[in-house]
Amino acid sequence: MFAEQVIPPSPAIGRGDRGEGSTRVVIASRDCYFPHMTDLGPSVVVNEVYASIQGESSYAGLPCVFVRLTGCNLRCTYCDTEYAFNDGERRAVADLVAQVRGFGIGLVEITGGEPLIQKDCVALAGGLLDAGLTVLIETSGAQPIDALPADVIRIMDIKCPSSGECDKMDWSNLDCLKSQDEVKFVVGNREDYEWAKQVIKQHDLSAKCSILISTVYGQVTPKDVAGWILEDKLPARFQLQMHKYIWDPTERRV
């Protein structure tokens, strides 16, 4: 049996495939977040689709289409996308791929929430690859990543202690990482940084893939974190959430 977590009703649920005010159940597995609608074929529940400047990762600064899927099995203390927990509309994967292609941008990121709690996220990633796009997926590492197509670039956000969710990490995912993938640590204080440093060393992450260190916006100064990285000669790329400096940090769809 998979673990179940009851999520409170959302007024937006009427846009999905249940009636307004019903209760949703998150299945902590690779199954769908919402009941599957077979008449659509492969499908996912989507919170938003938009084009912006990629604000993070080694692809920062590039035009990118973002496909934000609904639902998350984690509740990080600093989460900036709580609006994606429940609100969404079920879309056929084929229609979604066509919409993304229509932007005319060669880079796309599947994000959330946690996109991998929806089974057909894998089909979405495959469809985007088949369309000739470079596909990134941002995942917490709490869900298995081995089912994703080989050419998908996995950006794994390993949760630090201040997130309140670091015990949810599926450490076996590290064995699935390839050189094209990236791991990210979002640090909110010195404790988080020291914890991340230990994980990097213990798992020899610099030999597996690129490492990113960023800050919880507004909780620790970028100058301090940059100083720690320099002091330790940490084999990691320091990054800021670029979009939060270009636009208002509370603005959506950027």
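Values quoted throughout were computed directly from the atomic coordinates according to the rules given, and no laboratory measurement underlies them. Treat the numbers as computed from the prediction; the structure is a model and nothing was measured. Backbone-built Cβ (ideal geometry, glycine too); neighbour counts: all protein chains shown.
If packing is taken as the average number of other Cβ atoms within 10 Å across a peptide's residues, how do 132-142, 177-187 rank, most packed first? Walk me through the numbers on the way to the answer.
Numbers: 132-142: 21.7, 177-187: 19.7.
Listed from highest to lowest mean packing, they are 132-142, 177-187.
Nearest 0.05, what FRET efficiency do Ala207 and Asp151 give at R0 = 22 Å with Cβ-Cβ as r?
Values: r = 21 Å, r/R0 = 0.97.
The pair Ala207/Asp151 has a calculated efficiency of 0.55.
Relative contact order of the stretch 110-189: what whole-number percent is it, with Cα pairs under 8 angstrom and at least 6 residues apart? Don't skip to the answer; put the middle values down first.
Details: 115 pairs, mean separation 22.2, N = 80.
Relative CO of the stretch 110-189 lands at 28 percent.
Need one word for the stretch 4-246: rounded, prolate or oblate. Basis is the Cα gyration tensor (sqrt eigenvalues a ≥ b ≥ c); a/c below 1.5 gives rounded, then a/b vs b/c decides. Don't skip to the answer; put the middle values down first.
Numbers: a/c = 1.76, a/b = 1.48, b/c = 1.19.
In terms of gyration-tensor shape, prolate.
Of the cross-linked pairs Lys201/Lys233; Lys178/Lys223; Lys178/Lys201, which ones have a Cα-Cα span greater than 20 Å in the structure shown?
On the way: Lys201/Lys233 12 Å; Lys178/Lys223 30 Å; Lys178/Lys201 17 Å.
Pairs exceeding the cut-off: Lys178/Lys223.
For Cys160, which sequence-distant residues (separation of 5 or more, or a different chain) have an amide H within less than 5 Å of its own amide H, given hydrogens modelled in the peptide plane?
For Cys160, the qualifying residues are Val186.
Given a Förster distance of 30 angstrom, what is the FRET efficiency for Glu89 paired with Thr221, based on the Cβ-Cβ distance and rounded to 0.05? Walk me through the intermediate numbers first.
Values: r = 39 Å, r/R0 = 1.30.
Efficiency, from the Cβ-Cβ distance: 0.15.
Highest mean first, what order results for 113-125, 52-64, 164-176 on Cβ atoms within 10 Å? If you can, show how the numbers build up before the last one.
On the way: 113-125: 25.0, 52-64: 17.3, 164-176: 15.2.
My ranking of the peptides, most packed first, is 113-125, 52-64, 164-176.
Using a 7 Å offset from the Cα along the Cα-to-Cβ direction at both Lys233 and Asp130, what is the distance between the two label points in nm, to one decimal?
4.9
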